[in-house]
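Chemist: Quick one: the structure is below, and I'll ask about it shortly.
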Amino acid sequence: VQEKIIAEIEALEQKEKAGREKVESLSSQKNETINNLVSNSGTTSISKIGVVKGGKRVPKGYKLLSASTDYPYIRVSDFKNGSVDLSNLKYIDESTFNKISRYTINSDEVYISIAGTIGLVGTVPKELNGKSLTENAAKIVIADKTKFDYKFLYYALTSNFAQSQIEERTKAVGVPKLAIKRIETIQVPLINIEDQKKIVAEFEKLETEIAQIESELATMDEQKEQILKKHLE
């Protein structure tokens, strides 16, 4: 029985190892693509393709609401996997929203965290279009959407090429914070919009494959427990 358990768990661990290696390989493909674009096509600064705007703190003394309202307040802690985790959103009331209504984010803009956990980037789902954004994040508004795709900008900013720039600009100041002026200087690949959209489609396929593998990897501990139960009960 021991030998059967060991054999089955070792087979599972081999599968787990192969899965993690595959995820690493697929992620590397994205980084290599961005690096090749930088080498072959050159770069441009974020200030040349759009405007960086900050979020807004709620008024002093105001406590965020747990009960749902029409006014979600998106925090850095809600940023997850290039999107927003909707499971633990906090809210503000209409009066507070009106006070900070200029500081919202749309679903075709890219967020970037600038304090706390710095360098998280992503986009908000359509149900959070036009909702309030924390002061600990900024958004990048693309000036001409016929020339630059917001999804391509997101992928470019998740690359090692961009993340290393973010790290450099964060270390350049005493208190870890990514200033808007520094975000504007970050370089991203400069290619035509048609090629941007092709790369976005390729990356979305890679991310779907990565998500499928990671979903299976998340069940490995449970599968090991099932093996033990099967042989020991």
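The values are calculated or read from the model by the stated rules, or taken from the named source; none is laboratory data. Because the structure is a prediction, the values reported are computed rather than measured. Counting neighbours? That spans all protein chains shown, and the Cβs are built from the backbone with ideal geometry, glycine included. To get the accessible areas, we keep the full protein, side chains included, count just its heavy atoms, and leave off ligands, DNA and RNA. Shrake-Rupley method; radii C 1.70, N 1.55, O 1.52, S 1.80 Å.
Chemist: For region 1-53 and region 126-177, compute the distance between their C-alpha centroids and round to whole Å.
Modeler: 21
Chemist: To continue, here is another question. Quick one: accessible area per residue over the chain, 1.4 Å probe, rounded to a whole number of Å²?
Modeler: Heavy-atom accessible area per residue stands at 57 Å².
Chemist: Please work out the FRET efficiency for the pair Lys17 and Lys60, using the Cβ-Cβ distance as r and a Förster radius of 41 Å; give the result to the nearest 0.05.
Modeler: Once the sixth-power term is evaluated, E becomes 0.20.
Chemist: Subtract the Cα-Cα distance of Lys80 and Ala7 from 0.36 nm times their separation in residues, and report this length gain in nm to one decimal.
Modeler: That pair, Lys80 and Ala7, stretches by 22.6 nm at full extension.
Chemist: Another question about this same structure. If Glu109, Glu216, Glu194 are ordered by their accessible area, calculated over protein heavy atoms with a 1.4 Å probe, which sequence runs from highest to lowest?
Modeler: On the way: Glu109 15, Glu216 80, Glu194 115 Å².
Descending accessible area places them as Glu194, Glu216, Glu109.
Chemist: Moving to a separate point now. Given H placed 1.01 Å from N in the peptide plane, which residues other than close sequence neighbours of Asn106 have an amide H under 5 Å from its amide H?
Modeler: Under 5 Å from the amide H of Asn106: Gly130.
Chemist: To continue, here is another question. For the chain, set up a GNM with springs between Cα atoms under 10 Å and report which of Lys63, Lys197, Lys139 has the largest fluctuation.
Modeler: Answer for the Gaussian network model of the chain: Lys63.
Chemist: What ranking of Val175, Val188, Val51 comes out by heavy-atom accessible area, probe 1.4 Å, highest first?
Modeler: Order by accessible area, largest first: Val175, Val51, Val188.
Chemist: Moving on to the next point. Taking the Kirkwood radius as the inverse of the mean 1/r across Cα pairs, report the Rg/Rh of region 30-154.
Modeler: Result: Rg/Rh = 1.02.
Chemist: Output needed for region 118-233: three equivalent-ellipsoid semi-axes, defined as square roots of 5 times the C-alpha gyration tensor eigenvalues, in descending order, whole Å.
Modeler: The three semi-axes for region 118-233 are 36, 21, 15 Å.
Chemist: Here's a follow-up. Can you pull the percent of Cα pairs in region 1-82 with separation above 18 Å? Kindly include the intermediate steps, with their values, before the conclusion.
Modeler: Details: 2477 of 3321 pairs.
When every Cα pair of region 1-82 is considered, 75 percent fall beyond 18 Å.
Chemist: Say the dipole of the chain comes from +1 at the beta carbon of Lys and Arg and -1 at that of Asp and Glu; which of Ile5, Gln29, Gly42 then lies farthest toward its positive end?
Modeler: Gly42
Chemist: Run through all the Cα pairs of region 36-84 and give the fraction in each 10 Å bin from 0, expressed as whole percent.
Modeler: Reading the bins upward from 0: 16, 31, 27, 15, 10, 0.
Chemist: How far is helix 193-217 tilted, in degrees, relative to the longest principal axis of the Cα atoms in the chain, given as a value from 0 to 90 rounded to the nearest 10?
Modeler: 40
Chemist: Over 28 Å between Cα atoms: which of Lys22/Lys197; Lys53/Lys99; Lys80/Lys181; Lys15/Lys171 fall into that group?
Modeler: Lys15/Lys171
Chemist: Could you work out how much longer the chain between Leu206 and Thr44 gets when fully extended? Use 0.36 nm per residue separation minus the Cα distance between them, nm to one decimal.
Modeler: On the way: separation 162, 0.36 × 162 = 58.32 nm, distance 2.53 nm.
Extra length available between Leu206 and Thr44 comes to 55.8 nm.
Chemist: Might you work out the accessible area of Ile49 for me, using a 1.4 Å probe with all protein chains in place, and round it to the nearest 10 Å²?
Modeler: Using a 1.4 Å probe on the heavy atoms, I get roughly 20 Å².
Chemist: Considering only C-alpha atoms, what is the centroid distance from region 187-226 to region 56-103, in Å?
Modeler: 28
Chemist: Using 0.36 nm times the number of residues separating Ser87 and Lys147, minus their current alpha carbon distance, what extension gain do you get?
Modeler: 18.1 nm
Chemist: Hey, another quick one. So for Thr158, Thr123, what's the accessible-area order with a 1.4 Å probe, most first? Don't skip to the answer; put the middle values down first.
Modeler: Details: Thr158 55, Thr123 30 Å².
Per-residue accessible area, sorted high to low, gives Thr158, Thr123.
Chemist: Follow-up. Please list, ordered by chain and number, the residues whose modelled amide H lies under 5 Å from the amide H of Gly50; skip anything fewer than 5 residues away on the same chain.
Modeler: Ala143
Chemist: For region 126-181, just the Cα set please: Rg and Dmax, both in angstrom.
Modeler: 13.6, 39
Chemist: With no solvent and one equal point scatterer placed on each C-alpha of the chain, evaluate the Debye formula and give log10 I(q)/I(0) for q = 0.10, 0.18 Å⁻¹, two decimals.
Modeler: -0.58, -1.29
Chemist: Can you tell me the order of 73-79, 86-92, 15-21 when each peptide is scored by its average per-residue count of other Cβ atoms within 10 angstrom, highest first? Working shown, then result.
Modeler: Details: 73-79: 20.1, 86-92: 15.1, 15-21: 13.0.
Result, highest mean Cβ count within 10 Å first: 73-79, 86-92, 15-21.
Chemist: Accessible area of Glu32, 1.4 Å probe, to the nearest 10 Å²?
Modeler: Using a 1.4 Å probe on the heavy atoms, I get roughly 110 Å².
Chemist: Which ³J(HN,Hα) values, rounded to whole Hz and listed in residue order, are derived for region 148-163 from phi using the Karplus coefficients 6.51, -1.76 and 1.60 in 6.51 cos²θ - 1.76 cosθ + 1.60 with θ = phi - 60°, glycine and proline given as x?
Modeler: Per-residue couplings from phi come out as 9, 9, 5, 5, 5, 4, 4, 4, 4, 6, 7, 6, 4, 4, 7, 4 Hz.
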